[in-house]
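Reading through the structure tokens given below for one structure.
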Amino acid sequence: MRGFTLIELMVAVSIFAIVMMVGVGALLTMVSVNKRAQGINSVMNNLNAAVEQIARATRVGSAYHCAASPNDFSNISVPADCAVNGGLLFAFEATNGNVLDTNDQVVYRLNGTQLERSLRSGINGTWVALTSPEVHITSFKFYVTGSTPLRAAIRCSRGSS
């Protein structure tokens, strides 16, 4: 009976160790890529949910107002367009709101890196973050066209002449 020599065993163990290091390295890379992909997926789901919520509420609203500054709450009950440069604040009267109550406007804004919503016309303490803290939005603008009272007045004058 003949056995393995010490050199043959050392070569076999060395080859096995190299194959295992390559395999473990590939496994760790796959785990890292998967973790990053799950993070991106979570961010996209969070952002999609926020935008979908804004779209649903907007569809049934009225008296749309857009402002360039996220802190400009003056006249948010008065319809205003911002079609060219967009705005960082978007307000409107909710479907169940009272047009005579100026403190019940739904307001959305980009505040720093987060989307926020207020159901009370932007009154301090009424803001709720729509995106999670790990979502950092660098650019987000609202565009509103066709909401100005001037357009409504033009339509009315055409109909009455």
Restricted to the stretch 9-66 and to residues being among the small types (Gly, Ala, Ser) and within 19 Å of Ala129 (Cβ to Cβ), the residue surrounded by the fewest Cβ atoms within 10 Å (Cβ to Cβ) is Ala55
Taking the stretch 84-133 and keeping residues under 21 Å from the mean Cα position of the chain (by Cα) and among the β-branched types (Val, Ile, Thr) leaves Val106, Val107, Thr113, Thr126, Val128, Thr131
Within the stretch 88-107, the residues that are modelled with pLDDT of 90 or more and either among the small types (Gly, Ala, Ser) or in a loop (DSSP other than H, G, I, E, B) (or both) are Leu88, Ala91
Picking from Met20, Met44, Met30, Met10, the residue that is without any contact (Cβ under 8 Å) to a residue 60 or more places away in the chain, under 19 Å from Ser139 (Cβ atoms), assigned to a helix (DSSP H, G or I) and out of contact with any Phe, Trp or Tyr (no Cβ under 7 Å at 6 or more places or on another chain) would be Met44
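The values are calculated or read from the model by the stated rules, or taken from the named source; none is laboratory data. Bear in mind the structure is a predicted one, so any value in this text is a computation, not a measurement. Counting neighbours? That spans all protein chains shown, and the Cβs are built from the backbone with ideal geometry, glycine included.
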